[in-house]
Amino acid sequence: MVRTVDAHRDIDARARDILRANDKGGFTVPTGGLYPYQWNWDSVFVALGFATFDESRACREIETLFEAQWDDGFVPHIIFRRNDPDYFPGPDVWQAGTDIPTSGITQPPVAASVVNTLWTRSSSEEIRSRLAALYPKILAWHRWFHRFRIPDGCGAVVITHPWESGRDNSPEWDAPSANIDISGVQPYQRRDLQHADADMRPTKLDYDRYIALVEFGRNAGWDHDVIGSSGPFRVADVGITMILLRATRDLIDLANRLGRDDDLEELEACLQQLVMGTNYLWDETAGTFCSRDTITGRHSGFVTNASFLNCYAAVGNEEQRDKMTAHWERISASANYMLPSHDPDDSRFDALRYWRGPIWIVVNYMLAKGFREQGLDEWAERIAADSRKIISEHGFNEAFSPISGEGSGGSDFSWTAAMWLAWCGAANEQ
Ligand code: DGY
């Protein structure tokens, strides 16, 4: 027993060391080499980890992210503060034309939820006022989603590049990507394969499509009206929709705490629109929440870890929840570790290839939070215990095989370290 406690203390110390080593001065890179810049949702999750030992540094992480916010409220997915030839596509490819160089696409908006959590946990007036100063910026970002990415009659959030989902190569994007014209893509050299095993990364075809979409956005001058209405990839994403829905609930909570009564009516309307959007994402045939191509109207039909975020978003009628329960029972009976990013019973499942099977600890964090809030304590405990076990046995990898627990992708990963400290590490065991 003493040995286990010591071992966990060592892991806590290692997690803090990873955050400090990946700290580049006010912002944290996801991991050295593979991702040498500031990534949007990585940073926000990382703030939860910093907050366990340095609240001021946690605030700084989110403040630096919002320093790169565009005038229309958009918050980019990568902030390029300096050029690093080790990463492709870098700022010279994106050509966003902003003072702080950035990409032209966004990522899942977890900021409102994390800021609300940090505000609630903090007892420092100074920290709370720094967090309160982020509120109008987050509100502007949410408004940007509603203005550019939530079509009337759909209600769900449309992504215009698979990278916006954060679930880059999920099989959910295979069919909607098939019509992306890659014939004009200029020759390029991938850099990710210098840092990670090719079997764990997206394929060449995936990359050609990613770059074609970057070139489309760049040619459109990153005009989000044009990209959102006529881009070649426009998919209502189940992950980002559930995350924005939850973030809206948390922003309402924060607005109440901060006395921002004037915003409440607007935020409630946004919430109702997103709730309607989850029905657009319900696939009756497959009996699951999943992404849906807005160009063809077709659902992906896939059960992914994002499908179960309905609990985090607190949506789903009785019948929908029963069907999700049947999926949980089926998958949890066969997976050694929960929750795979793609359905293990589907032929596209791949235990080590990025978002086609591996477990992602930040998604597990959101899932466990939602399960707990919905009274699904056993599910929440299973997810937390599995996350704790794979990290303590295999280290702070980017992702993990649901079959062997083996780590995949980059190592010494900031958000995995942050989740250990803030959620699944032994110090948080309930
Ligand atoms: C990458 O480069 O793999 C990133 O996921 C893009 O956001």
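Observations on the structure shown:
- Within region 287-323, the set of residues being under 14 Å from D343 (Cα atoms) and more than 21 Å from the chain's Cα centre (by Cα) comprises G287 only.
- Number of the condition not met by F88 [criteria: (1) within 16 Å of the ligand (Cβ to nearest atom); (2) of a type outside the set (V, I, T); (3) without any contact (Cβ under 8 Å) to a residue 60 or more places away in the chain; (4) in a loop (DSSP other than H, G, I, E, B)]: (3)
- Filtered residue count, region 178-207, keeping only those that are more than 14 Å from the ligand (Cβ to nearest atom) and part of a helix (DSSP H, G or I): 2
- Residue in region 130-145 that is crowded, with 23+ Cβ neighbours inside 10 Å and farther than 18 Å from H77 by Cβ present: yes
- The one condition in (1) open to solvent by 50 Å² or more (accessible area, probe 1.4 Å); (2) of a type outside the set (A, V, I, L, M, F, W, C); (3) in a loop (DSSP other than H, G, I, E, B) that G33 fails to fulfil: (1)
- Odd one out for A21 among (1) surrounded by fewer than 16 Cβ atoms within 10 Å (Cβ to Cβ); (2) more than 28 Å from Q194 (Cα to Cα); (3) modelled with pLDDT of 95 or more: (2)
- Restricting region 186-226 to residues that are open to solvent by 30 Å² or more (accessible area, probe 1.4 Å) and of a type in the set (A, V, I, L, M), the residue that is farthest from T304 (Cα to Cα): V226
- Residues in region 377-408 that are more than 18 Å from T304 (Cβ to Cβ), open to solvent by 10 Å² or more (accessible area, probe 1.4 Å) and either at pLDDT below 95 or not in a helix (DSSP H, G or I) (or both): G395, F396, N397, S404, E406, G407.
- Unique residue being at positive phi and within 16 Å of the ligand (Cβ to nearest atom) when the list is G155, G104, G166: G166
- Neighbours by Cβ (under 8 Å, 6+ apart or cross-chain): first from region 296-315, free of Cβ contacts under 8 Å to residues at least 24 places away in the same chain; second of a type in the set (G, A, S) and not in a helix (DSSP H, G or I): H299/A286; H299/S291; G301/A286
- With respect to the conditions (1) open to solvent by 10 Å² or more (accessible area, probe 1.4 Å); (2) more than 18 Å from A247 (Cβ to Cβ); (3) modelled with pLDDT of 95 or more, H342 lacks only one, and its number is (1).
The values are calculated or read from the model by the stated rules, or taken from the named source; none is laboratory data. The structure displayed is predicted, hence computed values, not measured ones. Neighbour counts are summed over all protein chains in view; Cβ atoms, including those assigned to glycine, are modelled from backbone coordinates with ideal geometry. When the accessible area is computed, the model is the full protein with side chains, heavy atoms only, and any ligands, DNA or RNA have been set aside. Shrake-Rupley method; radii C 1.70, N 1.55, O 1.52, S 1.80 Å.
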